[in-house]
Structures are given as C-alpha cells and as structure tokens.
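Only one structure is covered here, and it is reproduced in the block below.
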Amino acid sequence: MTRSRKTTDKSHRKSETILVRRAPGKATQAILQYGPLRLRAALGRSGITSVKREGDGATPRAAMRLIAGYRRGDRMGALKTALPVQRIGKDMLWCDAPGHPAYNRPVRAPFVASHEKLTRNDRSYDVCIVMDWNVTSRRRGCGSAIFFHIAREGYAPTEGCVALSPADMRRLLPFLDTRTVLTVL
C-alpha cells in the first residue's frame, strides 16, 4: 500500500481572501479580516460604492487581486512578502487622467496629464500595494490608483483606498502574494 504525503509547498496552497467590512456606525472605517485576524482599516471619504467613478472618493465594493507593491526605500527597509515590491523613485507617478492613454498606470516625471506622486509627504505610500481595480481590464473614468496602503493618523478617510496602520501592514505582508484577493463587502 502506498501512502500519500501531505505537501507543504506554498504553490499548492489555496489562495487566501482578505475581507473588508464597514465598521458599525463608521462609513469611512472598516474591519479587515484575514483568517482569525481582525484589524482596523480606513476607507474612502465617501464610504463604499458599487458604482465607482474617478474622483468620487469611494472605495469600490469588489474582489480585487493584489498585483504588486511599492515601498519608500528612504522610510522602509526590505519588506517580508511574496508580492513583487519595487522601491519608489522620485520620478514615479500614477496617471489619474481618464482621457490619457496611460490612465490608471504608473508613469514617470515629467508628466503633464493629471497624476498622483508616489513619493508623498505623508507616510501613506511608505507601503503601497496595487489592487486590481480597473487595472487589468481598464475602463476610463471608473477609478484609478485604488491601493492598499498605510493609514493616516486616526484612520482618516482615504481617496478610495483601503489603509492599515504601519504595524498591522507589516504584520499582514508576510501572508500576501499575487493570489491574495482583497474583497470589500
């Protein structure tokens, strides 16, 4: 009789889901759940929406795969994660101009169309993970730069992203890879 062996190879593990639910009585805050872990999170200034539009300040109600990440090398050391992570350079931007061919894509300075700097003065993008909202299947005007990043003081609302404290982000990062899906309910 042949015995089957359990595999511990991570490539065979089931993809994990991060669930994000609005916090009771707080439209711009959430409870993020990963397995048994429950963490406080910030949401967009307009809460959660099923019909996301550029500039509306809402977090899309959607299941979004984690694609890759960015980090501020001058503020963050190497990150413990299986996600591909790139160090942010001073010339790195993200196009948020719906009419531009590079809409919802990373671009480099100088860039004249509307964009967001990835080297922000606050700590929001010290760790910045790109979620697949309007990225692999892009529609103009349906929202750009929907990231999973660091929360501001007091979990202040984002422009539509999901944000965690720096300590909670570091705690969660080792469990994330490109098969991880963040689902906003």
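The values are calculated or read from the model by the stated rules, or taken from the named source; none is laboratory data. What you see is a predicted model; the values in this text were computed from it and never measured. Note that we place each Cβ from the backbone using ideal geometry, even for glycine, and neighbour counts take in every protein chain shown.
Some notes on this structure:
- Single match in Asp177, Asp122 (criterion: among the charged types (D, E, K, R), in contact (Cβ under 8 Å) with a residue 60 or more places away in the chain, farther than 17 Å from Glu54 by Cα and not in a strand (DSSP E or B)): Asp177
- Subset of the stretch 138-185 [crowded, with 20+ Cβ neighbours inside 10 Å and on the phi > 0 side of the Ramachandran plot]: Gly143, Ala145, Gly160
- Qualifying residue in the stretch 70-79 (condition: at negative phi and under 14 Å from the mean Cα position of the chain (by Cα)): yes
- Exactly one residue among Ala113, Ala145, Ala102, Ala97 is of a type in the set (Gly, Ala, Ser), within 28 Å of Pro174 (Cα to Cα) and either at pLDDT 95 or above or part of a loop (DSSP other than H, G, I, E, B) (or both), and that residue is Ala145.
- So Thr59, is it surrounded by 17 or more Cβ atoms within 10 Å (Cβ to Cβ), farther than 20 Å from Pro157 by Cβ and in contact with a Gly (Cβ under 8 Å, 6 or more places away or on another chain): no
- Filtered by the rule that a residue be part of a loop (DSSP other than H, G, I, E, B) and loosely packed, with under 15 Cβ neighbours inside 10 Å, the stretch 83-94 gives Pro84, Gly89, Lys90, Asp91.
- In the stretch 62-80, the qualifying residues are those that are over 16 Å from Tyr125 (Cβ atoms) and in contact (Cβ under 8 Å) with a residue 12 or more places away in the chain, and the one that is surrounded by the fewest Cβ atoms within 10 Å (Cβ to Cβ) is Lys80.
- Qualifying residue in the stretch 50-61 (condition: under 17 Å from the mean Cα position of the chain (by Cα), over 16 Å from Cys128 (Cβ atoms), in a strand (DSSP E or B) and of a type in the set (A, V, I, L, M)): no
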